[in-house]
1. Trp598 to Val302: extension gain in nm, 0.36 nm per residue of separation minus the Cα-Cα distance?
2. Compute the length gained on full extension between Lys165 and Glu218: take 0.36 nm times their separation in residues and subtract their Cα-Cα distance, giving the result in nm to one decimal.
3. Have a look at Thr287, Pro301, Asn253 and report the one farthest towards the positive end of the charge dipole of the range 222-343, computed about the Cα centre with Cβ charges (Lys/Arg +1, Asp/Glu -1).
4. If you bin every alpha carbon distance in the range 209-323 into 5 Å steps from zero, what whole percent lands in each bin?
5. With a 10 Å radius around each residue's Cβ, average the other Cβ atoms per peptide and rank 203-215, 664-676, highest first.
6. Take Arg517, project a point 7 Å from its Cα along the Cβ direction, then tell me which residues of the range 524-539 have their backbone nitrogen under 19 Å from it.
7. Got a sec? Charge dipole of the range 135-271, +1 on Cβ for Lys and Arg, -1 for Asp and Glu; which of Pro166, Ile236, Thr151 is way out at the positive end?
8. For Cys410, Cys319, write out the residues from largest to smallest accessible area, computed with a 1.4 angstrom probe and no ligands counted.
Amino acid sequence: MPDQEQYDYIVVGLGYAGAIVTARLAERAPDAKILAIEYGGPVQAATGGATQENVTIQMTAEMFLNAGAIVRQCDTQRYEPKMPLCMPDVPGNYNNVAFRPLSDGYYLQQQFPACFQGVGLGGNGIYNGALYQEPANWWWNDKIHNDIFVTSAHPNGTQTSDVMKPYFERVKKELKDAIKSSPSMDGVHYNHGLYDLVKPYLIDNQFDEVNPDIPELEEAGKRFFTVPTVNAHEGIRTGPSAWLQKFINSDGNVRPEFPNLKLMMYTEVLNVNLDDRNAVTGVKVKTPSSAKQGGLKKTKPVDEIIFNVKKGGKVILCCNTLPTNRILYRSGIGCEELRNSVMPGSTSSFKVNNEAIGTVIQEHITTSLGMKYTGVEKHQPNSVHFNPGDFAGNVHHLENYVKNRSGPFCQFGPVVASHFVANMGLIKDLPEHHKLPDDEVTTELFYNPFGIGPYPPPCNPNLNPFNGPGTFSIYVMLLRPEQRGLFRLEKDNDTAEWVELYMCNANQDWDPSPEQRDRLCLPDYREAANRDIGVMTASIMEVLKITADAPDIKLTLGPGDKQTIDEHYTCIVGNERIPIGKLDPENPEHVKGFVTYWGDDFCVNGERVPVTRLEENHYNCSAPLARNFDVFGNDLGERKDCYGVNPDTLEVRGTTGLCIADSSIFPKVIYCHPIGATMAVAEWASDIICPAS
């Protein structure tokens, strides 16, 4: 069923990138017809998440609906019981907080199997940790980035970091004073005890302590620790909402000053339509989307609708890396050489052959450790006890947050972030030991004040995790993994397979053959996985050494305590199986066995707890920008017309009018937490698609 309206722009997805692009289009092209489509609906109070229609998504905490909040007017504060908040407004809600039993809670909507994405206005920005970091200059200023971002219009000597700097400044201006390490309105950094505990050991191991409110990694060096900066304004999670509020009001409707902007929520884009010349004509959608599932209101039958763009109009995909890739495949756009591997249910050739679509995806990979404090009791009154079953122990913190926007519920985790270059000498005894390609940072280390327990009992809520027994979590993340992978759909051409990027070195049926790799200029991804395993093994061993001499800290391979002693959880070391809890942390072969461990059935307290190969949802590169080189630095030559996205227009090569502006277009995984760079690149993309002039 076609919609009778024709649009100049259709934006698909209203997360970090889509919020920015839509806001800029609405501001700069007030006479243009704009359609913005979002799979979910409002989930934060500022954009309609607290209205009666939308609380049925079960995103709203009962206490916040009933208890009210502080309203700031003319530099004064007044208590307004009628102003509710939503669970995703609360920074501390990122960490499975204690009010979960009050309702059915919230969750990462599984948009389609194997791809957990943030669904709703704000996308992943309403679910993730919202850490804000800006990549160091060395990461930007390489051969590939400079070829993409630096053009003949720039002065001689310009590098990519120079091009991107004003866009980061624009992002920080829009976020106002929201980039900070202590989001609480009282200025206190909560759950800070863990920072004080590990600080002397980090310093003893030659880590530099960096000012906590410096998000620019260029100033931090190659071996540092700090309190990470996050996105929160006056105690409330922000990020995409800073741009969403430009065109959406608190009842979830488009602001009246933008009469030519139409908002379609709870709507899934199935595919993009192309004409015989591969010019975009519109999109096909399904509404309502499955994001309405679980709501209290009955939804109407699903309709399929076609929305058309005018001749010369644009469809701009901002759905995040994997959903964008899925739409491209379903629209007939992909790598024909690998079609049988990535879309085995397809019986016809891709309409547009683009070698880079879905073939070079990259992602951060993480392994976790358990950290147990065994020392004397340390009173820590400003800690939240993260036990989903112990609401009573946290009610005073919740009330403080609701009324004053203060307290530990303002605090994102983790509380310690560290970067370092892996010491490959620690694994020199491994047969596959290799050297790093350069001396730049490889690894990020997080100390997180939340663990699997046991937790303080309700009878003594002042007891905190320092009062042992109690465990914290440590996450070790490779910032520059070498392995890439394929985005694949199952034979139904709809369901996504897992993208195997987590040090997966075993050959699979869908892997490109040597002949295909040669034709497509692809390296052996499984060999790259082996190199990642080496870097992760060296990184884990270094983290274990940091507190090895601490008398009151015990680190374990796995989540901690006695959970991994069970003979059921065993790692393969050489030709034998060894329980995780019995591995020797000073033996590189044993640590490698842990790093490569995987078990879907690992459960703690009834919940699945992955300890290795953790998914960070930082996917990049499903449709990378490219000018003269591919993502590996090879000269494109004749391949240029069928590779990636054109940086001069943001159009998918082989199409006209089909643009991408989200994290898909990075040529390699972002070195650091991706939201800062994603927002800056979305501002850059907006200037290309619809210049401010």
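The values are calculated or read from the model by the stated rules, or taken from the named source; none is laboratory data. All values reported here derive from a predicted model rather than from experimental measurement. Here the Cβ positions follow ideal geometry from the backbone for every residue, glycine too, while neighbour counts run over all protein chains shown. Accessible surface areas use protein heavy atoms only, side chains included; no ligands, DNA or RNA. Shrake-Rupley method; radii C 1.70, N 1.55, O 1.52, S 1.80 Å.
1. Working: separation 296, 0.36 × 296 = 106.56 nm, distance 3.89 nm.
Length gained between Trp598 and Val302: 102.7 nm.
2. Working: separation 53, 0.36 × 53 = 19.08 nm, distance 1.17 nm.
Taking Lys165 through Glu218 to full extension adds about 17.9 nm, to one decimal.
3. Asn253
4. Here the calculated profile for the range 209-323 is 2, 8, 12, 12, 15, 15, 10, 8, 8, 7, 3, 0.
5. Details: 203-215: 15.1, 664-676: 25.5.
My ranking of the peptides, most packed first, is 664-676, 203-215.
6. 524-535
7. Ranked along the dipole, the leading option is Thr151.
8. Working: Cys410 0, Cys319 25 Å².
The ordering from most to least exposed comes out as Cys319, Cys410.
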